[in-house]
Every structure is written in structure tokens, then in C-alpha cells.
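Undergrad: Structure below; questions to follow.
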Amino acid sequence: MWRYAIPLGIFAIIAVFFFRGLSLNPSYVPSPLIGKPAPEFSLPGLKDPSRTVSTADLRGQVSLLNVWGTWCVECRYEHPLLVDLARTSGIPIYGLNVKDDRASALQWLATLGDPYVESAFDADGGVAVDWGVYGAPETFLIGRDGTVLHKHISVLTPEIWRRDFLPRIEEECGSLPCPLVRGEGGG
């Protein structure tokens, strides 16, 4: 009897972990940055290398930092939504162009549209590492005081924008003047 109990017990434990794992969201990776000041950075601008883009640009307003690269297939998929949000939401979007070719990135924006107020050029990916970036695309919601309010890994969709970003933006703004936040994304 005991010789069957131990394997059965081990199987039960593995089954509990397996079923628990099925309920997890694989695109959710908790960020230690949530609720903390955004990591400091200062990089050359993508369009104008003599212009510096830094963490200071993100403070004083609710804003987004979108991590992207021309090598990123999913970035191309989410790009039309970013262009739409830049046009309709009132939220300034800053880009962090990671490990890319400057000429290719500029061509991408010229062809597909430029949703970014500014895009920082992170040639070696060092700033992306400081921000805990796993890959692209990733989008961070930054509060008025420069605090990281939310991090989304993978393609930003209209549903994710409405479900995960808009409530946090509205909470951050409260009764204070805030961007229009009308941007529903996708139309």
C-alpha cells in the first residue's frame, strides 16, 4: 500500500502546480518598478542626436514610455494603435528605440507614422535593462511625479488600453486637469 502512496502523493502535488499554472497569465510579469520612481536615463534623441531625451521629460504629466525596435515584429502590429492614441488620447507617448539601426528606425517612423513626442535612441540596450525590459514591445505608464504606475509586456491592444491603462490614468488624474483620455484605441 505504501509503495503506491508516495508516487500518488508526488503526482497530486505536481497536478496542483500544473492546474495552478493553467490559470496564470503568461504575458503578466510583475515589475519591481511599479510604485517606484522611473529609472533615471539620459539618451540622445532618435531624430536629433544632439537633443537629449531623459527621465525628466516623463515627469509632470501622465505619459507612456513605449519600448520598440524595427526588428520587432509585434511592434509593427501595435504601431497603428500607438499612432491612434497619440492622436486621440491626449497622453504624450515617448519611445525607447532599443538596439536598432538609426536610419532604419527613422525610415520606420516616416513610413508608418510617428506617435512619439520624442524617441530616445538606446543603441546598446543599457537603459532597457535598467527598466527591466524583457523584449519589445513593452509599454510603461508613468505618473505625474515620475512613478511607474503600470507595465505591459507584449502588444498593446485597444482592449488592454481600456482595461489596464484607462482606469489607472483616471485614478492618477482624479479631479486634477489631465489629458483627454478619450482615446479608446482602434477607432
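The values are calculated or read from the model by the stated rules, or taken from the named source; none is laboratory data. None of these values were measured; they are calculated from a predicted model. We place every Cβ from the backbone using ideal geometry, glycine too, and count neighbours over all the protein chains shown. The protein model used for the area step is the full one, side chains on, heavy atoms only, and it has no ligands, DNA or RNA in it. Shrake-Rupley method; radii C 1.70, N 1.55, O 1.52, S 1.80 Å.
Undergrad: Of Asp84, Asp124, Asp48, which residue is among the acidic types (Asp, Glu) and buried (at least 17 other Cβ atoms within 10 Å of the Cβ)?
TA: Exactly one of Asp84, Asp124, Asp48 is among the acidic types (Asp, Glu) and buried (at least 17 other Cβ atoms within 10 Å of the Cβ), namely Asp84.
Undergrad: Six or more apart or on different chains, Cβ under 9 Å: which pairs go from a residue in the stretch 42-56 that's closer than 19 Å to Ile142 by Cα and free of Cβ contacts under 8 Å to residues at least 40 places away in the same chain to one that's open to solvent by less than 70 Å² (accessible area, probe 1.4 Å) and in a helix (DSSP H, G or I)? Could you list them?
TA: Ser42/Thr55; Ser42/Ala56; Ser42/Val127
Undergrad: Could you list all residues from the stretch 37-75 that are charged (D, E, K, R), outside any loop (DSSP other than H, G, I, E, B) and in contact with a strand residue (DSSP E or B) (Cβ under 9 Å, 6 or more places away or on another chain)?
TA: Selection gives Asp57 alone.
Undergrad: Which one of these does Ser31 not meet: (1) in contact with a Gly (Cβ under 7 Å, 6 or more places away or on another chain); (2) modelled with pLDDT of 95 or more?
TA: Unmet condition: (2).
Undergrad: Can you pull out the residues in the stretch 114-134 that are within 13 Å of Asn66 (Cβ to Cβ) and part of a loop (DSSP other than H, G, I, E, B)?
TA: Within the stretch 114-134, Asp114, Pro115, Tyr116, Val117, Trp131, Val133 qualify.
Undergrad: If you don't mind, another one. Scan the stretch 142-163 for residues that are surrounded by fewer than 16 Cβ atoms within 10 Å (Cβ to Cβ) and among the charged types (D, E, K, R) and jot them down.
TA: Correct list: Asp145, Glu159, Arg162, Arg163.
Undergrad: What are the residue pairs meeting all of these: first residue in the stretch 143-170, first residue of a type in the set (D, E, K, R), second residue at pLDDT 95 or above and open to solvent by 20 Å² or more (accessible area, probe 1.4 Å), Cβ atoms under 6 Å, and 6 or more apart or on different chains?
TA: If the second residue must be at pLDDT 95 or above and open to solvent by 20 Å² or more (accessible area, probe 1.4 Å), the pairs left are Arg168/Leu149; Arg168/His150.
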